[in-house]
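Values quoted throughout were computed directly from the atomic coordinates according to the rules given, and no laboratory measurement underlies them. If you're wondering where the values come from, they're calculated on a predicted model, not measured in any experiment. Every residue, glycine among them, receives a Cβ derived from its backbone with ideal geometry; neighbour counts consider all protein chains shown.
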Amino acid sequence: MKGRPETLAGVADVDCTGTQALVTGSTSGIGRSVALALGRLGADVIVHGRDSAAGEAVVDELDEIGVDGTFLEADFANIADVRDLAETVRADTDGLDILLNNAGGLFRDGQLTDLGVEYTFHVNHLAPYLLTTELLEHFRADARVVTTASGAHRGASLSLERTRSVERYSGLRAYSRSKLANVLFASELARRLEAADREIVSNSVHPGAIPGSGFARFLPGPIPALIQAFDSVPGVTSIADGAAELLYLAVSPETADVSGRYFSSQQPRMPSRVARDLEAATRLWRYSADRLGIEEPLEAAVDEPTDAQSP
């Protein structure tokens with residue numbers, strides 16, 4: 001079909017038989033669409049979300065395709081759930097080839113999680129950071145990690161102190177901050193994996209402002225109409241188009257050796273200046289480990305960033 005993500009991504013001929021993928025936030029929207037596309041390419045897919053009925057429905061569709069599908073429920077605002085998700089993946093599979101960090105959202109109401117962290121930052125950044133690092137030793141050689149970011153990262157500052165407060169809370173600013181964190185995380189993960197001589201690539205992607213994805217319903221007033229102003233992607237108007245952006249990074253031969261980049265319209269793009277700041281990326285990496293109460297992942301692999309390394 002012309003409108004399928006695998007066709008739009010130019011990967012319809014890629015054979016993913018024997019590939020194991022985990023797609024977070026895949027009970028609906030672009031996550032569901034990319035999970036089914038991976039299934040049609042032959043991959044076995046772990047579906048994740050909070051709605052068990054919706055998750056099992058996706059698994060049923062994967063079963064009809066003829067691949068193994070499994071649903072795992074986890075609330076990304078709950079650290080124990082994320083750890084349990086990673087533990088189950090490690091126990092039930094013999095390795096992971098693709099991790100799509102796609103779960104997340106924009107939330108109108110400001111609240112702190114049990115870690116004392118603003119909810120949006122926790123769900124959109126800390127949870128995928130923890131999940132990815134918990135799976136580091138489970139990735140197979142040539143694995144790919146794709147993190148769903150957004151053009152909304154532009155204009156955001158890191159402001160780590162703001163992640164511990166909901167005073168003067170703005171859902172859009174919190175979302176933009178978390179998406180900046182996604183871009184920084186993906187690039188810093190790539191840097192540390194390369195330094196550790198791990199054959200794993202990590203990239204972030206802007207899937208586009210997609211009518212029908214459910215994202216805009218969280219925005220107040222006229223803001224949904226302004227979403228297109230964020231790093232707009234001409235032609236990205238459907239869930240399938242957005243899913244194709246993730247799928248391109250997940251399976252295309254063209255991106256197999258590309259790491260540490262931010263993509264939009266299936267092309268590497270220059271993210272914001274803050275998103276290219278190595279010192280900021282290192283600070284976020286260490287701050288995240290500290291808030292989660294874990295040792296710094298891949299700590300021994302990297303040298304301290306210098307002024308010369310920061311653009």
message: Taking each pair of distinct Cα atoms in segment 5-292 once, what is the resulting Kirkwood hydrodynamic radius in Å?
response: 18.6
Volume per residue of the C-alpha convex hull in segment 86-129, rounded to whole Å³: 82
query: If each of A195 and T7 carries a label point 7 Å out from its Cα toward its Cβ, how far apart are those two points in nm?
result: 4.5
- request: Sort segment 96-155 into rounded, prolate or oblate with this rule: let a ≥ b ≥ c be the square roots of the eigenvalues of the Cα gyration tensor; rounded if a/c is under 1.5, and if a/c is not under 1.5, prolate when a/b is larger than b/c, oblate otherwise.
  value: oblate
message: Using a 10 Å cut-off around each Cβ, can you sort D241, D84 from fewest to most neighbouring Cβ atoms?
response: D84, D241
- request: May I ask which residue of S157, A91, A256 lies farthest towards the positive end of the charge dipole of the chain, with charges of +1 (Lys, Arg) and -1 (Asp, Glu) on Cβ and the Cα centre as origin?
  value: S157
- prompt: Once the convex hull of the C-alpha atoms of segment 1-68 is built, how many Å³ does it hold per residue, rounded to a whole number?
  reply: 76
task: For segment 61-214, just say rounded, prolate or oblate: build the C-alpha gyration tensor, square-root its eigenvalues into a ≥ b ≥ c, call rounded for a/c under 1.5, and beyond that prolate if a/b exceeds b/c, oblate if not.
output: prolate
- prompt: Exposure proxy check: I79, I30 ranked by fewest other beta carbons within 10 Å?
  reply: I79, I30
- line: Among V205, A244, L72, the residue whose Cα sits farthest towards the positive end of the charge dipole of segment 5-292, when +1 is placed on the Cβ of each Lys and Arg and -1 on the Cβ of each Asp and Glu, is V205
field: Global form of segment 112-194, assessed from the alpha-carbon gyration tensor, a/c cut-off 1.5
entry: prolate
message: Starting from the 7 Å offset along Cα-to-Cβ, what nm value, one decimal, do you get for the label separation of E254 and D15?
response: 2.3
- line: A chain fully extended from S159 to Q111 at 0.36 nm per residue, minus the present Cα-Cα distance, gains in nm 15.6 nm
